[in-house]
Amino acid sequence: MHRICSTLVKHGFNVLLVGRTRGLRLPAPEVTYQRHWLSCFFNQGPLFYLEFNLRLFFYLCIKPVDVVCAIDADTLAACTLASGIRKKKLVFDAHEYFTEVPELEHKPSVKKVWQLILKLCVQHVDAAYTVGPILADLFTQQYGKKFEVVYNMPQPIVCNKRTTTKQPILIYQGDLNIGRGLEETIDAIKDMDVLFWIIGDGPIFGRLQQKILKNNMADKVKLIGKVLPKDLPGYTEQAFVGVNLLQGNSLSYRYSIANKFFDYVQSGVPVICANFPEYQRLNREYEVGVLCETNPESIRQALYQLLQTPHLYQKISDNCTRAAKVWNWQTQEFKLVSIYQQLTS
């Protein structure tokens, strides 16, 4: 969101990012756009989504706006109602296949509610975009609205590849949610002479802590927690391999392209990656990693392949450097800006 908002400001838009407060937060970086955080009494479940959308709706009804952008399905109802009442343009930014996330796998009634919200609301959007070609095609067919593709690629960085440890470092950066391959990776490296840095926070943080202690791996697996975006590349560039593993039973995961995939590449770090269609396509374009299944044995084999084959690792690392010149935000921002310029011209 910081990248999107900053880009729009750079191209002459006045941007207000609206979110919600949630527990302890890192100090907010200085930004060029406005921000407003809504406080909610409920923090999860149906009552949270109802309260948040009501608060967001009333807030949007009083703010001076020309275009309202809903980020994923959980803000779409409020944004659709507010933009409709005020006769303002509506944009839908779909970061994921929301109705197919793992959290809804065993909640068919909840899934139906979200499917209904999407069916009713997407028909009213004036422009829509998502993170990859497969989801764009799927959403276009599903909702009868054209979805553009704007990849979540990072800004180009100057990479200073280095390491501060004798042991190779695996790194994971992102939300700590179920189905992200974290527990499987911990199991995979039990008997390997490597370190595993886990950067981020989320619902399974405590579960990971317990697993690390139970397996006596506190010297091997480090839960670093949240890190400011400006400090993250300093961790990433120390890694031997970046971990981007997801469970394939979630269609949201199977069709996704995670931000971290491009972040690793931008830092020159080869990726151990889920063997999903979008990653297969990208890896054919530039071989930047090893694709595998999300189970301990497959992860272990992929890691040994990179550890024990120096010429393969060097080849993939060099490919990351080449890909980073193409897979960056400079190649994507003009698509984003064009969408908003067409709505406001």
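The values are calculated or read from the model by the stated rules, or taken from the named source; none is laboratory data. Quick caveat, the model's predicted, so the values are computed rather than measured. As a convention, Cβ positions derive from the backbone with ideal geometry for all residues, glycine included, and neighbour counts pool all protein chains shown.
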**Message:** One residue is enough: does the stretch 142-162 have a residue meeting the conditions within 26 Å of K87 (Cβ to Cβ), among the polar types (S, T, N, Q) and without any contact (Cβ under 8 Å) to a residue 40 or more places away in the chain?
**Reply:** no
**Item:** Residues that are buried (at least 20 other Cβ atoms within 10 Å of the Cβ) and either outside any loop (DSSP other than H, G, I, E, B) or modelled with pLDDT under 95 (or both), drawn from the stretch 140-151
**Value:** F147
**Complete:** Of I272, I257, I224, the only residue that is among the β-branched types (V, I, T) and at pLDDT below 95 is I257
**Fill in**
Subset of the stretch 77-133, residues hydroxyl-bearing (S, T, Y) and closer than 26 Å to N259 by Cα, comes to Y97, T99, Y129, T130
**Request:** Select from the stretch 154-170 the residues that are closer than 17 Å to D219 by Cβ and either crowded, with 20+ Cβ neighbours inside 10 Å or at pLDDT 90 or above (or both) and write down the one among them that is farthest from the chain's Cα centre (by Cα).
**Result:** Q167
**Evaluation of G248 against (1) in contact (Cβ under 8 Å) with a residue 60 or more places away in the chain; (2) touching a Ser or Thr at 6+ places or on another chain (Cβ under 8 Å) (one fails), failing number** = (1)
**Item:** Residue in the stretch 305-312 that is crowded, with 19+ Cβ neighbours inside 10 Å and in contact (Cβ under 8 Å) with a residue 40 or more places away in the chain present
**Value:** yes
**Message:** Which of the helices (runs of 4 or more DSSP H) found entirely inside the stretch 226-291 contain at least 2 residues meeting this: surrounded by fewer than 20 Cβ atoms within 10 Å (Cβ to Cβ)?
**Reply:** 232-236, 251-254, 277-285
